[in-house]
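So the structure is just underneath, and the comments pick up after that.
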Amino acid sequence: MLKIGITGGIGSGKSTVCNILRNLGVPVFTSDDAARKILNEEEEVKKEVIKAFGRDTYNSEGKLDRERMASIVFNDPKALGLLNTIVHPKVNEAFEEWAQENEKSPYVVKEAAILLETGAYHDLDKVVSVFAAKEDRIRRVMKRDNTDEESVKKRMRFQYSDEERNELADFIIMNEEGVDLLPKVMELHEILLNEKKKW
Ligand code: ADP
């Protein structure tokens, strides 16, 4: 079984690509969902986050106050780095466990906005980068999340540039505005199934 990473800047279309793969029967692990679950459910992690960022990062029901956390980490690269050091090893552990459960699949996918930045891609066989122009990405996310340009740009600041991402990727999916992603993703799927046969 191959482990494939799919990454891309915010709004590039990586979740859309992953949803198509899911419909083709490919197991997909969403790092963002895993991180959310870990932050809300793992007591050790919660303790570390509270120690690092204060008690009011969690609400009275013990759930992470995502807005508060975002306002801390997206204004301070050191804080973001610290949060990542707390959460990412746990996400990687959860991924490895999940991958074992899906070992009969020809390949599995790990979707992550930051995959190259954390070095997590070293544990994967191939990396796919989903690419779209920055202006398109900003427009898409403003619409998707009902947010403003400044907030989107803030999140982008801490992600790799498209050039850095594309240089490290084995495959690039161009997802320009209005593009039909389906044939592109089907082609990728075929390539990945064949990769498996080659190895
Ligand atoms: P990411 O997971 O990389 O942040 P998404 O897959 O959520 O990005 O895509 C961001 C938004 O843009 C979504 O609302 C999605 O439906 C839309 N979108 C994705 N690809 C395209 C495209 N080729 N043309 C127009 N809109 C798109």
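The values are calculated or read from the model by the stated rules, or taken from the named source; none is laboratory data. Model, not experiment: these values are computed from the prediction. Every residue, glycine among them, receives a Cβ derived from its backbone with ideal geometry; neighbour counts consider all protein chains shown. Ligands, DNA and RNA are stripped out before the accessible areas are found, and what is left, the full protein with its side chains, is counted by its heavy atoms. Shrake-Rupley method; radii C 1.70, N 1.55, O 1.52, S 1.80 Å.
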Only one of Lys104, Lys126 is away from the ligand (no atom under 16 Å from the Cβ), open to solvent by less than 60 Å² (accessible area, probe 1.4 Å) and not small (Gly, Ala, Ser), namely Lys126
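Counting only residues that are of a type in the set (S, T, N, Q) and over 14 Å from Asn166 (Cα atoms), which one in the stretch 129-147 is most open to solvent (accessible area, probe 1.4 Å)?
Step one: of the stretch 129-147, the residues of a type in the set (S, T, N, Q) are 129, 146-147.
Filter once more, so that each one left must be over 14 Å from Asn166 (Cα atoms): 146-147.
Values: Asn146: 140, Thr147: 43 Å².
In this case the residue turns out to be Asn146.
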Scan the stretch 74-86 and tell me whether some residue there is under 28 Å from Pro27 (Cα atoms), open to solvent by less than 50 Å² (accessible area, probe 1.4 Å), touching a Ser or Thr at 6+ places or on another chain (Cβ under 9 Å) and within 14 Å of the ligand (Cβ to nearest atom). no
For the stretch 132-158, pairs from a residue that is outside any loop (DSSP other than H, G, I, E, B) to a residue that is of a type in the set (Asp, Glu) and open to solvent by less than 50 Å² (accessible area, probe 1.4 Å), with Cβ under 9 Å and 6 or more apart or across chains, are Lys134/Asp162
Of (1) assigned to a helix (DSSP H, G or I); (2) at pLDDT 90 or above, Ser105 satisfies every one except (1)
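Before we move on, is Leu24 open to solvent by less than 60 Å² (accessible area, probe 1.4 Å) and out of contact with any Ser or Thr (no Cβ under 6 Å at 6 or more places or on another chain)? Quick ask: steps written out before the conclusion?
Values: open to solvent by less than 60 Å² (accessible area, probe 1.4 Å): no; out of contact with any Ser or Thr (no Cβ under 6 Å at 6 or more places or on another chain): yes.
No: the conditions fail for Leu24.
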Among Glu163, Glu187, Glu177, Glu195, the single one that is out of contact with any Ser or Thr (no Cβ under 7 Å at 6 or more places or on another chain), modelled with pLDDT under 95, open to solvent by 70 Å² or more (accessible area, probe 1.4 Å) and more than 15 Å from the ligand (Cβ to nearest atom) is Glu163
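Each row is one residue, and each column tells you yes or no for (1) more than 17 Å from the chain's Cα centre (by Cα); (2) under 21 Å from Ile6 (Cα atoms); (3) among the hydroxyl-bearing types (Ser, Thr, Tyr).
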| site | (1), (2), (3) |
| --- | --- |
| Lys46 | yes, no, no |
| Ser60 | yes, no, yes |
| Lys78 | yes, no, no |
| Ala113 | no, yes, no |
Picked from the stretch 58-73 (must be part of a loop (DSSP other than H, G, I, E, B) and not charged (D, E, K, R)), the residue nearest to Phe29 (Cα to Cα) is Gly62
Exercise for the section: Kindly indicate whether any position in the stretch 12-24 is modelled with pLDDT under 95, under 17 Å from Leu192 (Cβ atoms), within 10 Å of the chain's Cα centre (by Cα) and not hydrophobic (A, V, I, L, M, F, W, C). Expected result: no
Condition (residue is in contact with a strand residue (DSSP E or B) (Cβ under 6 Å, 6 or more places away or on another chain), touching a residue at least 24 places away in the same chain (Cβ under 8 Å) and closer than 21 Å to Leu116 by Cα) applied to the stretch 74-88: is it met by at least one residue?
no
